[in-house]
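Q: The structure follows.
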Amino acid sequence: QVHLVESGGGLVQPGGSLRLACAASGLSLDFLAVAWFRQAPGKKREGVSCMTSSGSSTNYADSVKGRFTISRDIAKNTVNLQMNSLKPEDTAVYYCRALLAGIPHWGKGTLVTVSS
């Protein structure tokens, strides 16, 4: 059974940093397309960052470019999202997603709150 668990969310002041992790069981993330999404209160879920299955290409939403970095930790079978220079508008539940043979698998999310 595929299981993705996000962690690392919490309360942080504007300008601060958080590192989210998505730990996988039941599948290896090494060569899967992975992505982070977020959903702010009253908003639609939006893509934040994604990485190709090869890990050689990454993409970011315009709103987070230059501030967020997606990466894999092969040894821990996790995908990470380093978030720097956080803004109040980054407040959302963050979800990780992995694609296996085109089938999406989602974590349950972790809440990030950016507030002074």
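The values are calculated or read from the model by the stated rules, or taken from the named source; none is laboratory data. No experiment lies behind these values; they were computed from the predicted model shown. Glycine gets a Cβ as well: all are built from the backbone with ideal geometry, and neighbour counts include every protein chain shown. When the accessible area is computed, the model is the full protein with side chains, heavy atoms only, and any ligands, DNA or RNA have been set aside. Shrake-Rupley method; radii C 1.70, N 1.55, O 1.52, S 1.80 Å.
Q: Using amide H atoms built 1.01 Å from N in the peptide plane, name the residues 5+ places from Leu27, or on other chains, whose amide H lies under 5 Å from its own.
A: For Leu27, the qualifying residues are His3.
Q: Could you pull out every residue, at least 5 positions away or on a different chain, whose amide H is within less than 5 Å of the one on Ala33? Hs are placed 1.01 Å off N in the peptide plane, and Pro or chain starts have none.
A: Ser53, Leu99
Q: Percent relative contact order of the chain, based on C-alpha pairs within less than 8 angstrom and at least six residues apart? Don't skip to the answer; put the middle values down first.
A: On the way: 296 pairs, mean separation 42.2, N = 116.
In percent, rounded to a whole number, it is 36.
Q: Asp30: accessible area at probe 1.4 Å, nearest 10 Å²?
A: That residue has around 40 Å² of solvent-accessible surface.
Q: Treating only the Cβ of Lys, Arg, Asp and Glu as charged (+1, +1, -1, -1), what charge dipole size does the chain show about its Cα centre? Round to the nearest 20 debye.
A: Values: 12 positive and 7 negative charges, 28 e Å.
For the chain, the charge dipole is close to 140 debye.
Q: Between the DSSP loop rule and a limit of at most 16 other Cβ atoms within 10 Å, which trypsin sites (Lys or Arg not before Pro) in the range 1-94 are left? Before the final figure, lay out the partial values.
A: Details: sites: Arg19, Arg38, Lys43, Lys44, Arg45, Lys65, Arg67, Arg72, Lys76; in loops: Lys43, Lys44, Arg45, Lys65, Arg67, Lys76.
Within the range 1-94, the qualifying trypsin sites (Lys or Arg not before Pro) (loop, at most 16 other Cβ atoms within 10 Å) are Lys43, Lys44, Arg45, Lys65, Arg67, Lys76.
Q: If you plug each phi of the range 3-16 into the Karplus form 6.51 cos²θ - 1.76 cosθ + 1.60 with θ = phi - 60°, what whole-Hz ³J(HN,Hα) values come out, in order, with x for Gly and Pro?
A: 9, 10, 10, 8, 8, x, x, x, 9, 9, 7, x, x, x
Q: Could you please state, rounded to a whole Å, how far the C-alpha centre of the range 1-27 is from the C-alpha centre of the range 68-116?
A: 6 Å
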